[in-house]
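Okay, structure first, notes after.
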Amino acid sequence: IVKAKMCADGEAFIYYEPESEVISRSGEECVVAYLDQWFIKYGEPSWADAIRKHVEDPKRFETYTPATRKAFREVVDWLKEWACSRNFGLGTQVPWDEKFVIESLSDSTIHMAYYTISHLLQGRKDERDYTGDGGSASPLGIKPEQMTPEVFDYIFLQKEYPADCGIPEESLAKLRESFEYWYPMNLRVSGRDLIQNHLTMSLYNHAAIWPDRPDLWPKGFFANGFVEVEGKKMSKSEGNFIMMNEAVSGHRVFNLDGKEIVVGWSSDSTRLALASAGDLLDDANFSCEIADKAILRLTTELEWAEQMTSEAGKAELRHDEAGAFNFWDRAFDAQMD
């Protein structure tokens, strides 16, 4: 009452600020702006309970580590209202209020379903035409403007055939068949920072679109940590931001903390360095020194392989009868079986 009276008398006004300091990508301090906003009520009890059951069931949902499952469980427990729109920037317009666009974490949560039919809608010019923009349009002769909500409902929601859509029913049946064959997604790999928003929202939105078909909900999420180079976060300003193409075939020299590092190895040595960098939720540290040493080890292995496959090398190999295993053969065979 006191607050309302003071505001009404012009003696006070409502003030908001972030919980802690927030710095934008441009380096500026962020402030709170009071604007109109749309929210999604992820905390709705029946909706949250359905997701909680899905997350808790390892037969329905694979997380690959107990820590990841625990993280999803905690998010479902605290996630309530989420601001799902913004009034500027690029994005998909909010269908019922087009002056807003959907914010990026709330958007693109079930777009994987489109991948199951995209090859029938977007023709490809050749194997390098990944988007279909250079091709000759839909292999089924379907035009973009014909893909109405009713058509998508037929494909994804098993609704009745929309007779006025202008697309032959047998063509739409092929799209539905492709979706039913390929969906759900068995695995999505993403950063651990998206567990608390985008990935959990993906589960919620699948349940919202297919409430009676949990068989179409995601079957597994693998969350990984961030990649560091020489123990530091990759940063273009530091110079330790390594692109894949230069790692396997390029050449660049940069200085990091007074140490000169040469980038440019091979695909195999890069793989070995990545394999030893780390796994799961831990941050992976890519060591350029390990990549350097991997080249020497691979050279040694190549020399050994060439030696053992030479005529002289073959003469040193055993020539037992087929199926005549010694102890080490049996042990290896048992381990591999």
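The values are calculated or read from the model by the stated rules, or taken from the named source; none is laboratory data. Everything quoted here is computed from the prediction, not taken from an experiment. Cβ: placed from backbone, ideal geometry, glycine included. Neighbour counts: every protein chain shown. These area figures cover heavy atoms from the full protein model, side chains too; ligands, DNA and RNA do not enter into them. Shrake-Rupley method; radii C 1.70, N 1.55, O 1.52, S 1.80 Å.
Suppose R0 equals 41 Å; then what is the FRET efficiency for Phe88 and Thr299 from their Cβ-Cβ distance, rounded to the nearest 0.05?
0.15
Any lysines with Cα under 24 Å of the Lys143 Cα? List them, leaving off those in the same chain fewer than 8 positions away.
Lys125, Lys159, Lys174
Taking 30 Å as R0, compute the FRET efficiency from the Cβ-Cβ separation of Glu19 and Ser235 and round it to 0.05. Show your work: numbers first, answer last.
Working: r = 26 Å, r/R0 = 0.86.
Taking R0 as 30 Å, the efficiency between Glu19 and Ser235 is 0.70.
Around Asn224, which amide H atoms from residues at least 5 apart in sequence, or from another chain, sit under 5 Å from its own amide H, with H modelled in the peptide plane?
So Asn224 has HN proximity to Ser190, Gly191, Arg192.
Under a cut-off of 17 Å between alpha-carbon atoms, report the aspartates and glutamates in cross-link reach of Lys99, not counting same-chain residues fewer than 8 places apart.
Lys99 reaches Asp36, Asp107.
In nanometres, what is the gap between the two model label sites at Asn245 and Phe327, each 7 Å from Cα along Cα-to-Cβ?
5.5
Pull up the cross-link candidates among the lysines for Lys53, meaning alpha carbon to alpha carbon under 20 Å and not fewer than 8 places away within one chain.
Filter leaves Lys41, Lys70, Lys80, Lys219.
(i) 30, 61, 8, 0; (ii) 19, 43, 31, 7, 1, 0; (iii) 29, 51, 19, 1: which one is P(r) over Cα pairs in 20 Å bins from 0, in percent as calculated from this entry?
Computed from the coordinates, P(r) over Cα pairs in 20 Å bins from 0, in percent corresponds to (ii).
Local charge sum around Thr270 (other residues, Cβ-Cβ under 12 Å, Lys/Arg +1, Asp/Glu -1)?
Values: positive: Arg271; negative: Glu246, Asp268, Asp292.
Combined, the nearby Lys, Arg, Asp and Glu give -2.
For the pair Arg318 and Ala67, how long in nm is the line joining their label points, each one 7 Å along Cα→Cβ?
4.3
Top to bottom by accessible area (1.4 Å), largest first, where do Thr92, Thr270, Thr148 land? Mind showing how you got there, number by number?
On the way: Thr92 70, Thr270 5, Thr148 45 Å².
My answer, sorted largest first, is Thr92, Thr148, Thr270.
Describe numerically, in nm with one decimal, the distance between label points set 7 Å from Cα along Cα→Cβ at Asp212 and at Glu177.
The answer from the label model is 2.5 nm.
Ordering Phe325, Phe152, Phe72 from largest to smallest accessible area (1.4 angstrom probe), what's the sequence?
Numbers: Phe325 110, Phe152 65, Phe72 0 Å².
Accessible-area ranking of Phe325, Phe152, Phe72, largest first: Phe325, Phe152, Phe72.
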